[in-house]
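Asker: Shown below is the structure under consideration.
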Amino acid sequence: MTNTRSHRNTGTLLAITIGFSFAAQTALSQPVTESMKFSATDGAIDQEFGNAVAISNGIIAVGARHDAENGSNAGALYLYSAASGAQIMKLLPSDGAAGDEFGFSVAIDGGVVAVGAPQDVHNGTATGSVYVFNASTGAQLAKLTPSDGEAGDLFGYSVAIDAGVIAVGAVGNDDAGNSSGSAYLFDAATGAQLEKLLPDQSAPNHYFGVSIAMDSGVVAVGSRSYFVLNEGFTLSAAFLFDVSSGAQIRALRANNGTWTDFFAESLDIDNGLVAVGAWARSVFFDHSGAMYVFDAATGDQLHYIFPADGHDRDHFGYSISIHNGVIAAGAEQDGDNGWVAGSAYLYDAASGAQIDKYLASDGSQFDYFGTSIAIEDGVVVSGAIGDEDNGSDSGSVYVFGVAAPHCAGDLNADGIVDTADLGRLIAVFGTPDADADMNNDGLVDTADLGAMIAVFSSICP
């Protein structure tokens, strides 16, 4: 990983195994500050810009769930260049209305953006929806709604996209009782519903779908603990499903979990590793927070992680993102820059060792920096919904590291367009895979194959 102001920390790793492992760094260098900061060009009071962030191929997507252009709390989505911080465009749904909270959740994969609006009203109050856009043109491609949507489902509470499939959480769905929750899979190209996902165990107030992530044919869906009379508590879990069949693979639970930890309220999956936050776990008194790393293939818990400088109510693990073996975790109530100013941490997923700690250079009380987080190729993006650059709770986004210019055809980002990239394109031929869709026409086809052949063997900067 490369930072603009700091290199990898050289602290020691504390690791103890008692049926599980945990890691915390005991010597910290100076926290890293951002390479750039930005806010909406039309930012306003209470907008909460940065409540959700995502990054792909040098484009940063930022949700502002309380933007008022389409009415009070209608919401908006902004796109930015990760290289320059320049605002590219602002996206609004074609039927946006007051109270929708469009931008509550966001995911981006190459040139396709999926945006959740869990309060959207189309089959009753707070049924929810997800909108799909072309990131290059800003065109709205689809509006996704579930086939069995009902009032209070909050469809779009969480969203993920990978390889032409969009996964959506609906925490208010009532299939197994009030707010038991569900998740859905959709074809990004056609908008067709592919599967509805339900866990093998559920009950009222399970909130299955509170978090969702997807990579390499596996969907990870978070849930909360629930209580059944005469049975007791079932701990919250991250459930893994097969994308192609919709079948549940396994459930991941912390080896040392309690029902109050809020385990799996945040999660992400990449290259066979699942990172799961437990922001309410009381390591340093109440709700200091912790994070877990699992092997998706075996279900084994690999690491139990918390920062050595953790404090009461830091909420470490409130937000989670993992890419290429590096985990970014937000602690939106860390007090280093003032009361609930917030911070973020970087960890090595293989060892569990802390790499860096991130602080906003202008951080101050009630910023809630770390509310949202995303990482790609060493670039970390984090939202601070309480920042006041455009008025109270207008919000800002901080970027750490510098994004390299995107190189056309280099699908695996290894610096050269070669047979590995060609094989990746062929594997997704005929799908709307955003990374391989080189001409951004919504489909990987012969035109994209020709474009790759034209730049084959090119060395990327």
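Asker: Name every residue in the stretch 364-392 that is touching an Asp or Glu at 6+ places or on another chain (Cβ under 6 Å) and either more than 20 Å from Gly43 (Cβ to Cβ) or of a type in the set (Asp, Glu) (or both), in order of residue number.
Answerer: Within the stretch 364-392, Asp367, Asp387 meet the criteria.
Asker: With respect to Phe22, is the statement that it is more than 21 Å from the chain's Cα centre (by Cα) and either modelled with pLDDT of 95 or more or over 15 Å from Gly401 (Cα atoms) (or both) true?
Answerer: yes
Let's see how each residue does on (1) at pLDDT 95 or above; (2) part of a loop (DSSP other than H, G, I, E, B); (3) β-branched (Val, Ile, Thr):
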{"position": "Asp153", "(1), (2), (3)": "yes, yes, no"}
{"position": "Ser158", "(1), (2), (3)": "yes, no, no"}
{"position": "Ile161", "(1), (2), (3)": "yes, no, yes"}
{"position": "Tyr184", "(1), (2), (3)": "yes, no, no"}
{"position": "Thr190", "(1), (2), (3)": "no, yes, yes"}
{"position": "His206", "(1), (2), (3)": "no, yes, no"}
{"position": "Ala213", "(1), (2), (3)": "yes, no, no"}
{"position": "Asn230", "(1), (2), (3)": "no, yes, no"}
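Asker: Across the stretch 425-444, what is the total count of residues that are modelled with pLDDT of 85 or more and surrounded by fewer than 16 Cβ atoms within 10 Å (Cβ to Cβ)?
Answerer: 4
Asker: With respect to Ala61, determine if the residue is under 16 Å from Ile385 (Cα atoms), in a strand (DSSP E or B) and open to solvent by less than 10 Å² (accessible area, probe 1.4 Å).
Answerer: So Ala61 fits the description; yes.
Asker: What's the number of the condition Asp187 fails, among (1) charged (D, E, K, R); (2) surrounded by fewer than 23 Cβ atoms within 10 Å (Cβ to Cβ); (3) closer than 23 Å to Thr125 by Cα?
Answerer: Going through the list (1) charged (D, E, K, R); (2) surrounded by fewer than 23 Cβ atoms within 10 Å (Cβ to Cβ); (3) closer than 23 Å to Thr125 by Cα, Asp187 breaks only (3).
Asker: Spot the failing condition for Asp200; the list is (1) open to solvent by less than 10 Å² (accessible area, probe 1.4 Å); (2) of a type outside the set (A, V, I, L, M, F, W, C); (3) over 30 Å from Asp314 (Cβ atoms), and only one is missed.
Answerer: (1)
Asker: Considering each residue of the stretch 446-461, count those that are at pLDDT 90 or above and either among the charged types (D, E, K, R) or open to solvent by 70 Å² or more (accessible area, probe 1.4 Å) (or both), and give that number.
Answerer: Total meeting the criteria: 1.
Asker: Here is a follow-up. Which of (1) part of a strand (DSSP E or B); (2) open to solvent by 10 Å² or more (accessible area, probe 1.4 Å); (3) more than 29 Å from Leu411 (Cβ to Cβ); (4) of a type outside the set (Phe, Trp, Tyr) does Gly124 not meet, given it meets every other one?
Answerer: (1)
Asker: Let me ask another. In this structure, does Gly317 turn out to be among the small types (Gly, Ala, Ser) and in contact with a His (Cβ under 9 Å, 6 or more places away or on another chain)?
Answerer: no
Asker: If you take the residues in the stretch 232-256 that are open to solvent by 50 Å² or more (accessible area, probe 1.4 Å) and assigned to a strand (DSSP E or B), which one is farthest from Ser182 (Cα to Cα)?
Answerer: Phe233
The values are calculated or read from the model by the stated rules, or taken from the named source; none is laboratory data. These figures come from a predicted structure and were not determined experimentally. Positions of Cβ are generated from backbone atoms using ideal geometry, with glycine treated the same way; all protein chains shown enter the neighbour counts. Heads up: the accessible areas ignore ligands, DNA and RNA and are worked out on the full protein's heavy atoms, side chains in. Shrake-Rupley method; radii C 1.70, N 1.55, O 1.52, S 1.80 Å.
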